[in-house]
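The values are calculated or read from the model by the stated rules, or taken from the named source; none is laboratory data. Note that this is a predicted model, so its numbers are computed, not measured. Ideal geometry is used to build each Cβ from the backbone, glycine not excepted, and the neighbour counts take in all protein chains shown. Note: areas computed on protein heavy atoms with side chains; ligands, DNA, RNA excluded. Shrake-Rupley method; radii C 1.70, N 1.55, O 1.52, S 1.80 Å.
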Amino acid sequence: MNQITSRRTFLKSSLVTAAGVWVGTTPGFGRRLSANDKLNLGVIGTANRAAANIKGVQSQNIVAICDVDETYLAAAAEKFPDAKKYSDFRKLLEQKNIDAIVVATPDHIHAFAVVAALQSGRHVYCEKPLAHDVHEVRVIRKIAAKNKKLATQMGTQIHAGKNYRRVVELVQSGAIGQVTECHVWCQKSQTAQPPTDNVPVPKNLNWDLWLGPAPEQPYHKIYHPHDWRAFWDFGCGTLGDMACHYVDLVFWALKLRAPLTISAEGPEVDRKITPAWMIVHSEYGARGELPPVKVQWYDGEKHSVPTRERNLPDWKNGVLFIGDKGMLFADYNSHKLLPEEKFKDFLAPAPSIPDSIGHHEEWIEACKTGKPTTCNFDYSGALSEAVLLGNVAYRSGKKLEWDSAAMKVTNTREADQFIQRSYRKGWKI
């Protein structure tokens, strides 16, 4: 393993080196676009979640596609026969006619593809979470901040829905008063059993490129294509998978940024496998006139704790805002003021947040016009860091005191290894 890059070095410069290939920081390859022009897009990842992203941007010119799985790549090539094909995203980035990049790989590759794309002067859309660990997210945030003309968007697609906008308006209008407590839950459980048998690498898969910066280990079919999220080397568990969607609503409505403290509970920590359930407790300070707030996350078999304790229906997934004048429940598509009897005659404020043209469409328009996106890497980076800190607290077994400005846990060094992982030889960020 390479030595972990020091934070001091990180703060001075952020460069990506991958298997001997360096991608420089000089913006290039871009062209001046009008609102009516079509973007030339390079897509890294072509199947499963990536396929949904391709559908979201297929109104543009897809000129390059990349996948380490030849079967997936061939299927995508049938849909986009004029696109150049790659198995290595670094080679794709050398193609000069690409305006923007879509990254939809497993989590452990996100930062490497995103940073390289930004440093090459391309606009970037990336699936959530923005990166595998907090350090990588911070690298991305800093590079994006230095290249403000590049349009960025993280794949929190529900952010574009009308329901989230109406909930934000209700909370920010004071419908339930001052909010000091939020509970967020998801019934999903992202865990697995470790492989016990030896399986040959399929001929269609470049296992070395799939591993990328992750520790060297044998291939197993449990990792690719579906269950990689359940392994710390590649994914971030249920929290990393789903919290960026649900906690997004809390972040937006309450204008959150960085937590002050984070603690977590769950089954006994496994070095390789993410837990079947987790509860995360985060505390945020005051934001102007907004009071401090506690945010708690529950997943897997613990998802029903917040509703059961309040004798509410067993909503399988959702967010509960608790204010001094009432409560507000919301999921992706609906919301409800509680207690219902109290709010039966309540008149919601007139809509003040414009409806979205669509999550992918926002990014496409931003690439062409410079108009800001709602989930740019500044906003979504802060959200991703807050989410990933829950995994740090769980894996370290400590309540963390977080200094966001210094990107440092101040009360224990045991968390450092989970803030920034080490990488396989030839890969670092």
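Worth a mention:
- Test for residue 116: is it in contact with a helix residue (DSSP H, G or I) (Cβ under 6 Å, 6 or more places away or on another chain) and closer than 23 Å to residue 54 by Cα: no
Residue-by-condition table, conditions (1) charged (D, E, K, R); (2) touching a Leu at 6+ places or on another chain (Cβ under 7 Å); (3) within 26 Å of residue 255 (Cβ to Cβ); (4) modelled with pLDDT under 95:
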| position | (1), (2), (3), (4) |
| --- | --- |
| 373 | no, no, yes, no |
| 376 | no, no, yes, no |
| 384 | no, yes, yes, no |
| 390 | no, yes, yes, no |
| 393 | no, yes, yes, no |
| 396 | no, no, no, no |
| 406 | no, no, yes, no |
| 410 | no, no, yes, no |
| 427 | no, no, no, yes |
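- Residue tally, condition crowded, with 18+ Cβ neighbours inside 10 Å and either under 20 Å from the mean Cα position of the chain (by Cα) or among the acidic types (Asp, Glu) (or both), over region 403-422: 5
- Residue that is modelled with the lowest pLDDT [pool: residues in region 179-206 that are loosely packed, with under 13 Cβ neighbours inside 10 Å and of a type in the set (S, T, N, Q)]: 198
- Taking the conditions (1) touching a Lys or Arg at 6+ places or on another chain (Cβ under 9 Å); (2) closer than 20 Å to residue 188 by Cα; (3) of a type in the set (Val, Ile, Thr) in turn, residue 273 satisfies each one other than (1).
- Residue count for region 51-67, restricted to those that are within 22 Å of the chain's Cα centre (by Cα) and in contact (Cβ under 8 Å) with a residue 60 or more places away in the chain: 3.
- Matching residues, region 385-429, being part of a helix (DSSP H, G or I), touching a helix residue (DSSP H, G or I) at 6+ places or on another chain (Cβ under 7 Å) and over 17 Å from residue 260 (Cα atoms): 395, 418
- Filtered residues of region 61-79 (kept if open to solvent by less than 20 Å² (accessible area, probe 1.4 Å), more than 12 Å from residue 205 (Cα to Cα) and not in a helix (DSSP H, G or I)): 62, 64, 65, 66
- Any hit, region 85-100, residues being in contact with a strand residue (DSSP E or B) (Cβ under 6 Å, 6 or more places away or on another chain), hydrophobic (A, V, I, L, M, F, W, C), open to solvent by 10 Å² or more (accessible area, probe 1.4 Å) and in contact (Cβ under 8 Å) with a residue 40 or more places away in the chain: yes
- The set of residues from region 45-60 being over 19 Å from residue 357 (Cα atoms) and assigned to a loop (DSSP other than H, G, I, E, B) comprises 45, 46, 47, 48.
- Summed over region 103-124, residues that are outside any helix (DSSP H, G or I), open to solvent by less than 20 Å² (accessible area, probe 1.4 Å), more than 13 Å from residue 150 (Cα to Cα) and in contact (Cβ under 8 Å) with a residue 60 or more places away in the chain total 1.
- In the set (1) buried (at least 20 other Cβ atoms within 10 Å of the Cβ); (2) free of Cβ contacts under 8 Å to residues at least 40 places away in the same chain; (3) not hydroxyl-bearing (Ser, Thr, Tyr), residue 336 fails one condition alone, (1).
- Single residue of region 283-303 satisfying the filter (open to solvent by less than 30 Å² (accessible area, probe 1.4 Å) and touching a Ser or Thr at 6+ places or on another chain (Cβ under 7 Å)) that is farthest from residue 400 (Cα to Cα): 300
- Search result, residues across region 372-384 that are within 16 Å of residue 147 (Cβ to Cβ), in a loop (DSSP other than H, G, I, E, B), open to solvent by 40 Å² or more (accessible area, probe 1.4 Å) and in contact (Cβ under 8 Å) with a residue 40 or more places away in the chain: 376
- Looking across region 264-292, the residues that are acidic (Asp, Glu) and under 16 Å from residue 179 (Cα atoms) come down to 283, 289.
- In the set 264, 276, 258, only one residue is open to solvent by less than 50 Å² (accessible area, probe 1.4 Å), in a strand (DSSP E or B) and not β-branched (Val, Ile, Thr); that residue is 264.
- For region 214-230, the count of residues that are within 18 Å of the chain's Cα centre (by Cα), open to solvent by less than 50 Å² (accessible area, probe 1.4 Å) and among the basic types (Lys, Arg) is at least one.
- Yes/no for residue 362 being under 26 Å from residue 253 (Cα atoms), charged (D, E, K, R) and buried (at least 20 other Cβ atoms within 10 Å of the Cβ): yes
- Residues located in region 125-162, provided they are part of a helix (DSSP H, G or I), more than 20 Å from residue 45 (Cα to Cα) and open to solvent by 10 Å² or more (accessible area, probe 1.4 Å): 138, 141, 142, 143, 144, 145, 146, 158, 160, 162
- Subset of region 208-255 that is touching a residue at least 12 places away in the same chain (Cβ under 8 Å), part of a helix (DSSP H, G or I) and charged (D, E, K, R) - its residue that is farthest from residue 352 (Cα to Cα): 227
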